[in-house]
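Asker: The structure under discussion is supplied below as structure tokens; questions concerning it will follow.
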Amino acid sequence: MRRREALGAVLAGPLMLGACAGRAPNGTIRFWAMSNEAASAPMLMPGFERANPGLRVDIQPLPWSAAHEKLLTGFAGNSLPDVAQIGNTWLAELVAIGALAPLPANEQALFADNFDAVLDTNRIGGTPYAVPWYVDTRLQYYRTDLFQRAGYESPPTDWAAWKAALRDVKRAAGEGNFAILLPLNEFEQLLTLGLQQDEPLLRDKGTRGNFSSPGFKAALGFYKSLFDEGLAPVVSSTQIANVWNEFARGLFSVYISGPWTIGDLKTRLPASFRTRWATAAMPGPHGPGASAPGGSSLVVFAHAREPDAAWRLVRHLSQPTVQAEFNRLTGDLPARRSAWALAGLTRDPLTAPFGAQLERARAVPKVPEWERIVTEMQVVAERMVRGDFSVDEAAAEIDARADRLLEKRRWLTDKGRAL
């Protein structure tokens, strides 16, 4: 399909074209990166440019809030760079419109010693299209002092025991406090519980929702019970003025978040508070549970001006020593296990649980509509918590909304085509 037709197969509504980037001179690799990574990436380039005389890297920083649209409009306007950082959940969409080059056969070593679930997110239809750059997942940050006061050295690892501990922790925290914060405007916590079930979240080759499965309804019911029993406040994140201060004050003793929160807690709370919190893996229905793999990957575009040089840059950024240095600069967790060892992350009691959690991570469905589906899931789940739906009704409603979003995918599948 032509560029605009390919985009039309994925996007709803009119296409808004952004400014086109000028053509880079020969020997220049154009690299789009986001936020903190874009600020730190230049410090990784001197080694690359010394090893590749005649090549230089031109890094364009993008805000995360605008990056997705910039990539799509760049594809439509034939102004994409050679290499870019992307969010892992964008991969299916970019592959569907033909924007990406698959990983060359001679670059398969770039997948060495990565976490299995993260690698899965970088493959579409069995073909690798992206190389993990840094990784994340979500687990528990918990108040060690309040858990100890309640009689626990650490959070239990199965749902039933974990909820019993949350009841005890709430009592230990005192009147007016809760056990856990589950912001109703965030989908990640419920998604984590849903991924811990045996059934997939979508069925029929990703063309229909599977949220009425027994497993997902069990996750919905467990999630709802945390609010029904008063263990979690019925609030969105915008209703919590300062998450860090409220965690320190004891309004909640468990907060589910990613590795970036380590730095936030260290910098936003007094050093004396450091001994009063820790990280722990997510509980599952019958033992340690799964969560979604996240992070960013590096891609080379199908019409890159300097494809060979682009893959050399990806290879450089994937080296364990470079990823360990990137961790030092940004705090991002390396994609390669060997880089974890070099950076000392496997020995750090705060980061080591993230490594264990990533070993149990499960990839989310790889369809372009996925981010819209989980947004609808979150909207329905909030209404369920507020009393508008029962668990069964909420599951059916999420399925109905997912099926509407997947209607075009079903039509294409029936016609023997797929996004």
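The values are calculated or read from the model by the stated rules, or taken from the named source; none is laboratory data. Predicted model only: the values in this text are computed from it and were never measured. Neighbour counts are summed over all protein chains in view; Cβ atoms, including those assigned to glycine, are modelled from backbone coordinates with ideal geometry. We work out accessible area using only protein heavy atoms, side chains counted, and drop any ligands, DNA or RNA first. Shrake-Rupley method; radii C 1.70, N 1.55, O 1.52, S 1.80 Å.
Asker: Which residues, counting only those in the stretch 136-151, are over 25 Å from residue 195 (Cβ atoms) and assigned to a loop (DSSP other than H, G, I, E, B)?
Answerer: 150, 151
Asker: Would you pick out the residues in the stretch 251-283 that are touching a strand residue (DSSP E or B) at 6+ places or on another chain (Cβ under 7 Å) and surrounded by fewer than 20 Cβ atoms within 10 Å (Cβ to Cβ)?
Answerer: Let us first name the residues in the stretch 251-283 that are touching a strand residue (DSSP E or B) at 6+ places or on another chain (Cβ under 7 Å), namely 252-259, 261, 265, 276-283.
Matches in the stretch 251-283: 258, 276, 278.
Asker: Further, regarding this structure: Quick check on the stretch 151-162. Is at least one of its residues on the phi < 0 side of the Ramachandran plot, open to solvent by less than 40 Å² (accessible area, probe 1.4 Å) and charged (D, E, K, R)?
Answerer: Going through the stretch 151-162, the residues on the phi < 0 side of the Ramachandran plot turn out to be 152-162.
Next, only the ones that are open to solvent by less than 40 Å² (accessible area, probe 1.4 Å) stay: 155-156, 159, 161-162.
Applying the additional criterion that residues be charged (D, E, K, R) yields none.
Taking every residue of the stretch 151-162 in turn, none turns out to be on the phi < 0 side of the Ramachandran plot, open to solvent by less than 40 Å² (accessible area, probe 1.4 Å) and charged (D, E, K, R).
Asker: Starting from the stretch 342-364, keep only residues that are of a type in the set (Lys, Arg), then list their pairs with residues that are open to solvent by less than 30 Å² (accessible area, probe 1.4 Å) whose Cβ atoms are within a distance under 6 Å, requiring at least 6 positions of separation or different chains.
Answerer: That search, which allows pairs on different chains as well, returns 360/290; 362/117; 362/195; 362/290.
Asker: Kindly check whether there is at least one residue in the stretch 216-236 that is aliphatic (A, V, I, L, M) and modelled with pLDDT under 95.
Answerer: Looking only at the stretch 216-236, we keep the residues that are aliphatic (A, V, I, L, M), and these are 218-220, 226, 231-232, 234-235.
Okay, now just the ones that are also modelled with pLDDT under 95, so none.
So far as the stretch 216-236 goes, no, none of its residues is aliphatic (A, V, I, L, M) and modelled with pLDDT under 95.
A quick yes/no check of all residues on (1) under 26 Å from residue 125 (Cα atoms); (2) touching a strand residue (DSSP E or B) at 6+ places or on another chain (Cβ under 7 Å); (3) among the aromatic types (Phe, Trp, Tyr); (4) open to solvent by less than 30 Å² (accessible area, probe 1.4 Å):
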residue	(1), (2), (3), (4)
176	no, no, no, no
180	no, yes, no, yes
186	no, no, no, no
198	yes, no, no, no
219	no, no, no, yes
223	no, no, yes, yes
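Asker: Would you check if residue 333 is of a type in the set (A, V, I, L, M) and within 18 Å of residue 87 (Cβ to Cβ)?
Answerer: On the way: of a type in the set (A, V, I, L, M): yes; within 18 Å of residue 87 (Cβ to Cβ): yes.
Yes, satisfied.
Asker: Answer yes or no: is there a residue in the stretch 202-218 that is in contact with a Lys or Arg (Cβ under 7 Å, 6 or more places away or on another chain), outside any helix (DSSP H, G or I) and within 24 Å of residue 163 (Cα to Cα).
Answerer: Within the stretch 202-218 (the criterion being in contact with a Lys or Arg (Cβ under 7 Å, 6 or more places away or on another chain), outside any helix (DSSP H, G or I) and within 24 Å of residue 163 (Cα to Cα)), the answer is no, since none of the residues qualifies.
Asker: Let me ask another. Which of the helices (runs of 4 or more DSSP H) found entirely inside the stretch 319-405 contain at least 3 residues meeting this: more than 29 Å from residue 154 (Cβ to Cβ) and either open to solvent by less than 40 Å² (accessible area, probe 1.4 Å) or modelled with pLDDT of 95 or more (or both)? Give the derivation first.
Answerer: Numbers: elements: 320-330, 337-343, 352-359, 370-385, 391-405.
Because the criterion is at least 3 residues that are more than 29 Å from residue 154 (Cβ to Cβ) and either open to solvent by less than 40 Å² (accessible area, probe 1.4 Å) or modelled with pLDDT of 95 or more (or both), the helices (runs of 4 or more DSSP H) in the stretch 319-405 that meet it are 320-330, 370-385, 391-405.
Asker: Further question: Does residue 408 satisfy the condition of being touching a residue at least 40 places away in the same chain (Cβ under 8 Å), under 20 Å from the mean Cα position of the chain (by Cα) and either open to solvent by 10 Å² or more (accessible area, probe 1.4 Å) or over 23 Å from residue 195 (Cα atoms) (or both)? It would help to see each step written out before you state the result.
Answerer: Numbers: touching a residue at least 40 places away in the same chain (Cβ under 8 Å): yes; under 20 Å from the mean Cα position of the chain (by Cα): no; either open to solvent by 10 Å² or more (accessible area, probe 1.4 Å) or over 23 Å from residue 195 (Cα atoms) (or both): yes.
So residue 408 does not fit the description; no.
Asker: Now a separate question. Which residues, counting only those in the stretch 205-215, are open to solvent by 20 Å² or more (accessible area, probe 1.4 Å) and at pLDDT 95 or above?
Answerer: Start the filter on the stretch 205-215 by keeping residues that are open to solvent by 20 Å² or more (accessible area, probe 1.4 Å), which leaves 205, 208, 210, 212, 214.
Result: 208, 210, 212, 214.
Asker: Being of a type in the set (Gly, Ala, Ser), closer than 19 Å to residue 282 by Cβ and at pLDDT 95 or above narrows it down to one of 173, 161, so name that one.
Answerer: Values: 173 fails: closer than 19 Å to residue 282 by Cβ.
Matching residue, one of 173, 161: 161.
Asker: Within the stretch 98-108, is there a residue that is over 23 Å from residue 305 (Cβ atoms) and open to solvent by 10 Å² or more (accessible area, probe 1.4 Å)?
Answerer: Residues of the stretch 98-108 over 23 Å from residue 305 (Cβ atoms): 108.
Filter again for open to solvent by 10 Å² or more (accessible area, probe 1.4 Å), leaving 108.
Yes: the stretch 98-108 contains one or more residues that are over 23 Å from residue 305 (Cβ atoms) and open to solvent by 10 Å² or more (accessible area, probe 1.4 Å).
Asker: Something else now. State all residues of the stretch 118-143 that are of a type outside the set (S, T, N, Q), open to solvent by 10 Å² or more (accessible area, probe 1.4 Å) and either farther than 28 Å from residue 182 by Cα or under 20 Å from the mean Cα position of the chain (by Cα) (or both); if no residue qualifies, say none.
Answerer: Of the stretch 118-143, the ones of a type outside the set (S, T, N, Q) are 118-120, 123-126, 128-136, 138-139, 141-143.
Narrowing further to those that are open to solvent by 10 Å² or more (accessible area, probe 1.4 Å): 119-120, 123-126, 128-129, 134, 136, 138, 142.
Within the stretch 118-143, 119, 120, 123, 124, 125, 126, 128, 129, 134, 136, 138 qualify.
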